[in-house]
Amino acid sequence: MWVALLLAAQSFGPDRLPPVADAEDPLVDAAEIVPGLIVDLAYARPDNVAGRALYPNDAKCMLRRSVAGRLAGAAAALRKRGFRLVARDCTRPQHAQEALWKAHPHPGSVADPARGSLHARGVAIDLELADLAGARLEMPTRFDAIGPDAAADAPLPDGPAREHREALKSALHAAGFRVNPKEWWHFSRLYGWRWPVASPR
């Protein structure tokens, strides 16, 4: 019996799931699908770890269609609590991944562009929260902070920063995302490596 269960796990585990073709799940403009989404891409400005703008200032938040659909569910749940999602990074072009890796070549914080990151595949998004009027809410650290305080489970006293982090994490988890343990803002859909590196247009 145990042998049969082991063989079944080896045959149907997440590493055995088939790859997803580009055409099956194309990139879409998340702002057209996610109600109330505020798009404020950090890498469209020079005040980031690379020290220069990596995107045009009118860049859109492009995500895989299935990812944007899941994000819309999370946004609806958060709206009932008086929150809106703020997108800080979405699908990331290869040139931007290379610039970030050059500035901060530390796996876990920045993916090696030779492999292609989850952002490059269109299945990851970096998020903060705002109130319903669009005012930013207190979060544990600034976006893209480096160090233990940025961890998804870093100790926090009771208060707004902890409440907002946990609300964001809970809503995204329920929608089928998982948080990067080192970055409270970084969420990706389950088994995201099944998707190919995207080609933003």
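The values are calculated or read from the model by the stated rules, or taken from the named source; none is laboratory data. What you see is a predicted model, and the numbers here were worked out from it, not measured in a lab. Surface accessibility is based on the protein's heavy atoms, side chains included, excluding ligands, DNA and RNA. Shrake-Rupley method; radii C 1.70, N 1.55, O 1.52, S 1.80 Å.
What the Cα convex hull of the chain gives, in volume per residue, is 147 Å³.
The slack between Arg194 and Asp40, meaning 0.36 nm per residue of separation minus the straight C-alpha distance, is 52.7 nm.
When the Cα gyration tensor is reduced to axis lengths a ≥ b ≥ c, the ratio a/c is 1.5 or higher for segment 104-201, and with a/b above b/c it is classed as prolate. Binning the C-alpha pair distances of segment 78-123 at 5 Å intervals from 0 yields a P(r) profile of 5, 21, 25, 18, 8, 8, 9, 5, 0 %, listed from the shortest bin outward. Computing the accessible area with a 1.4 Å probe over protein heavy atoms, can you report the carbon and sulfur percentage for the chain? Carbon plus sulfur share of accessible area: 57 percent.
Counting only DSSP beta bridges with both residues in the chain, the antiparallel share comes to about 90 percent. Helix-only arithmetic for the chain: the sum of -39500 (n - 2.57) across DSSP H runs with n ≥ 4, divided by the residue total, places the mean residue ellipticity at 222 nm at -8000 deg cm²/dmol.
Taking all protein chains together and a 1.4 Å probe, the residues Asp112, Asp29, Asp153, Asp126 rank Asp153, Asp112, Asp29, Asp126 from largest to smallest accessible area.
Surface exposure of the chain, expressed per residue as accessible area with a 1.4 Å probe, stands at 52 Å².
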